[in-house]
Amino acid sequence: MSTVPATDASGPEDEPARSAGQGTVPPAPAPIAPSRAAACIAASTLLAMTQGFGMNLVAANIPQMQGPLGATSTEAVWLMAAYMAPNASLSIALIKIRNQYGLRHFAELGIAVFLVVAVLHIFITDLRSALVLRFFAGIAAAPLSSLGFLYMLEAFTPARKLTIGISLALTNIGLAPPLTRLISPLLIDIGNIRALLRLELALAMLSFAAIYLLPLTPIPRAKVIEKLDIVSYLLIAVGFGSGAVILLTGRTYWWFEARWIGELLVVMIAALTLAAVIELNREKPLIDLRWLVSREMVHFGAVLVLFRLMLAEQTAVAGNFFQVIGLQNGQLMHLYAIVALATAAGGLICAAVLKPGREPGLHMVALLLIGVGAFLDSRATNLTRPAEMYLSQGLIAAGGSLFLPPAIAAGFTMALKKGPQYILSFIVVFLVTQSLGGLAGSAIFGSFITLREKFHSNVLAQSMTLADPLVAARVSQLSAAYGRTITDPAVLKAEGVALLGQQVTREANVLAHNDAFLVIALLAVCAAAALAIHILYVRIRDARPAVPAAAEG
């Protein structure tokens, strides 16, 4: 996610960087031809959709994939874990690989590997083969996210890379999840799960052609990879991969029930600790940990983590709510279309208005949109249908598109001011907060919903007694449907009690989701209040007259 010099791409293949002693003055960037700019934007969108569709393919269609693969819902979760385990950290290594071996080689090899993996997906026959391929798909997809950013930044002049360019690049990433859920039911109706895999293959082939026909501007190459970089990265990869697996599977197996979760946590802590020890004692570290724990970077990371937690409202809580009340992806297509349109609208508005200094205002608007949307959702019932959440989910989608580009632009500028060597450290913060932070948001709120469902179930069950005339009447009403097939009164009553228990569980789930919606709304409001206080403090501080130097004597 680094900027690309805005020069014409008709130059030669990547050349080694000139030595600093030559003292040459870099030429001013040439203007970008409109046709090339449009082609780069299209290529960026294609690459983002290819990577995003592959990443969300399993998450959006777990029930549909269980049958063809002969897997249970618990086993199917490992498909997402296998993908995210290598993907969570690989972009860290790819930054240096790209700088040392050249952008062209990096792009061609990355898309070629992804295409091969996409072809192999067509031959999936069981869960084991699917797990292996999803692991390699997570590796092969990592370059695509970087290339999607680079192609979008290539289309704009340096002055607009961190405003329009980054806004549109992040909008493409945000569009992938709703579009995946929008088109998945149509494809499954046409050709079952194989149709989804064929679409992934078709997108990979189009991306392969786009990269070869539209090469990015070459960048100077330099020897930047050291032996200890490999050791540090392997430890970071083990730590991040273990964390991703824990976050994805912990709620399914429950955090304190499976012993291997604790063992994996120990592995994660040990690997990251060893990596930190190595990096803190290096003259040229892969990641500058001292800068990462500075006040401004801790604040920046906390802001991004909070944002990812709030966006779990849409990616995890709302989707799970509709699943609980019995709705499938095919019944949510219009909702996902609204979410996609709102995401695109928010990204375009952000691209139009984002300028240095406007970040706090955009963040305030985004937080208020997310807060209002989550609060509207907190009044859901078992009769709530997607049409009643068009407005709230649209507000949250637009808020998400408005929040992230200003934050990333500000952080990127902060890293550039420190020096080019800090770019990789900034990338680490971005990756941890977005990939692992997103998984953490789903895990935290998923676990919160589970706990609150148990609480509400107990409260509702305590008031349910057959001595209550209303409860007895409800049991009789529910059991009446079996009256013609079950003649034993005791068995008939037991069926009625069982059906009533199912309704109680469903109501408890609805109440638990409402609790989660309300917590997210409160998080957004509290974050907006904190931001308002910070803005007021900065204005008061800047308005103070300069204190004159004390007179001598």
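Of the residues in segment 367-379, not one is within 22 Å of R160 (Cα to Cα), touching a residue at least 12 places away in the same chain (Cβ under 8 Å) and not β-branched (V, I, T).
Residues are listed down the side, and each one gets a yes or a no for (1) crowded, with 21+ Cβ neighbours inside 10 Å; (2) of a type outside the set (S, T, Y); (3) more than 17 Å from A380 (Cα to Cα); (4) more than 20 Å from the chain's Cα centre (by Cα):
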| residue | (1), (2), (3), (4) |
| --- | --- |
| D288 | yes, yes, yes, yes |
| V317 | yes, yes, no, no |
| L327 | no, yes, no, yes |
| G330 | no, yes, yes, yes |
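Considering segment 34-53 alone, what residues qualify as being small (G, A, S), at pLDDT below 85 and within 15 Å of T157 (Cβ to Cβ)? Once the filter is applied, which keeps residues that are small (G, A, S), at pLDDT below 85 and within 15 Å of T157 (Cβ to Cβ), segment 34-53 yields only A37.
Within segment 158-190, take every residue that is charged (D, E, K, R) and crowded, with 20+ Cβ neighbours inside 10 Å and give me the one that is nearest to L144 (Cα to Cα).
If we take residues in segment 158-190 being charged (D, E, K, R) and crowded, with 20+ Cβ neighbours inside 10 Å, then K161 is nearest to L144 (Cα to Cα).
Taking the criterion of being over 30 Å from F412 (Cβ atoms) and surrounded by fewer than 16 Cβ atoms within 10 Å (Cβ to Cβ), the residues of segment 121-157 that qualify are I122, F123, T125, D126, R128, S129, V132. The C-beta contact set for segment 429-443 (first residue assigned by TED's automatic domain parsing to the domain that holds A141 and modelled with pLDDT under 80, second residue acidic (D, E) and part of a helix (DSSP H, G or I), distance under 8 angstrom, 6+ apart or interchain) is empty. In this structure, I173 does satisfy being over 21 Å from A130 (Cα atoms) and among the β-branched types (V, I, T).
Here Q323 fulfils each of the conditions (1) within 20 Å of the chain's Cα centre (by Cα); (2) within 25 Å of E453 (Cβ to Cβ); (3) at pLDDT 80 or above; (4) of a type outside the set (D, E, K, R) apart from (1).
Check whether at least one residue in segment 126-137 is modelled with pLDDT under 75 and of a type in the set (S, T, N, Q), and report yes or no. Within segment 126-137, not a single residue is modelled with pLDDT under 75 and of a type in the set (S, T, N, Q). For segment 243-256, the set of residues classified as of a type in the set (G, A, S) and outside any helix (DSSP H, G or I) is empty. Taken as a whole, the condition of being at pLDDT below 85, in a helix (DSSP H, G or I) and of a type in the set (D, E, K, R) does not apply to E263. Could you tell me whether segment 273-280 includes any residue that is among the polar types (S, T, N, Q), at pLDDT 85 or above and buried (at least 21 other Cβ atoms within 10 Å of the Cβ)? Within segment 273-280, none of the residues are among the polar types (S, T, N, Q), at pLDDT 85 or above and buried (at least 21 other Cβ atoms within 10 Å of the Cβ). If I ask for residues that are of a type in the set (G, A, S) and either closer than 9 Å to L518 by Cα or buried (at least 24 other Cβ atoms within 10 Å of the Cβ) (or both), which ones from segment 372-382 would you list? Those that are of a type in the set (G, A, S) and either closer than 9 Å to L518 by Cα or buried (at least 24 other Cβ atoms within 10 Å of the Cβ) (or both): G373, A374, S378. Might you let me know whether segment 205-224 holds any residue that is within 30 Å of V277 (Cβ to Cβ) and of a type outside the set (A, V, I, L, M, F, W, C)? Yes, some residue in segment 205-224 is within 30 Å of V277 (Cβ to Cβ) and of a type outside the set (A, V, I, L, M, F, W, C). Restricting attention to segment 209-242, the residues being among the β-branched types (V, I, T), under 14 Å from K96 (Cα atoms) and assigned to a loop (DSSP other than H, G, I, E, B) number 3. For E296, indicate whether it is in contact with an Asp or Glu (Cβ under 8 Å, 6 or more places away or on another chain), charged (D, E, K, R) and not in a loop (DSSP other than H, G, I, E, B). So E296 fails the test.
Going through P86, P68 one at a time, which residue ends up being surrounded by fewer than 22 Cβ atoms within 10 Å (Cβ to Cβ) and in contact with a Gly (Cβ under 8 Å, 6 or more places away or on another chain)? Just a single option satisfies the conditions, and that option is P86.
A Cβ distance below 7 Å, combined with a sequence gap of six or more or placement on separate chains, defines the contacts here; from segment 506-524, residues that are in a helix (DSSP H, G or I) reach residues that are surrounded by fewer than 21 Cβ atoms within 10 Å (Cβ to Cβ) and of a type in the set (G, A, S) in the pairs A508/S457; N514/S378; F517/S378; L518/S378; A521/S378.
Condition check for L187 on (1) closer than 22 Å to H121 by Cα; (2) in contact (Cβ under 8 Å) with a residue 40 or more places away in the chain; (3) not small (G, A, S): one failure, at (2). Screening the candidates L94, L109, L133 for the property of being touching a His at 6+ places or on another chain (Cβ under 6 Å) and not small (G, A, S) yields one hit, L133. Note on segment 383-410: residues that are surrounded by fewer than 20 Cβ atoms within 10 Å (Cβ to Cβ) and in a helix (DSSP H, G or I) amount to 6. Here the condition is being hydrophobic (A, V, I, L, M, F, W, C) and modelled with pLDDT under 80; of I183, I173, I193, I166, it holds for I193 alone.
Against the list (1) in contact with an Asp or Glu (Cβ under 8 Å, 6 or more places away or on another chain); (2) surrounded by 22 or more Cβ atoms within 10 Å (Cβ to Cβ); (3) over 26 Å from A340 (Cβ atoms), the condition Y212 fails is (2).
Determine whether segment 343-361 contains at least one residue that is buried (at least 19 other Cβ atoms within 10 Å of the Cβ) and assigned to a loop (DSSP other than H, G, I, E, B). Yes, some residue in segment 343-361 is buried (at least 19 other Cβ atoms within 10 Å of the Cβ) and assigned to a loop (DSSP other than H, G, I, E, B).
The values are calculated or read from the model by the stated rules, or taken from the named source; none is laboratory data. Fair warning: this is a prediction, and the values are worked out from it, not measured in the lab. Note that each Cβ is placed from the backbone with ideal geometry, even for glycine, and that neighbours are counted across all protein chains shown.
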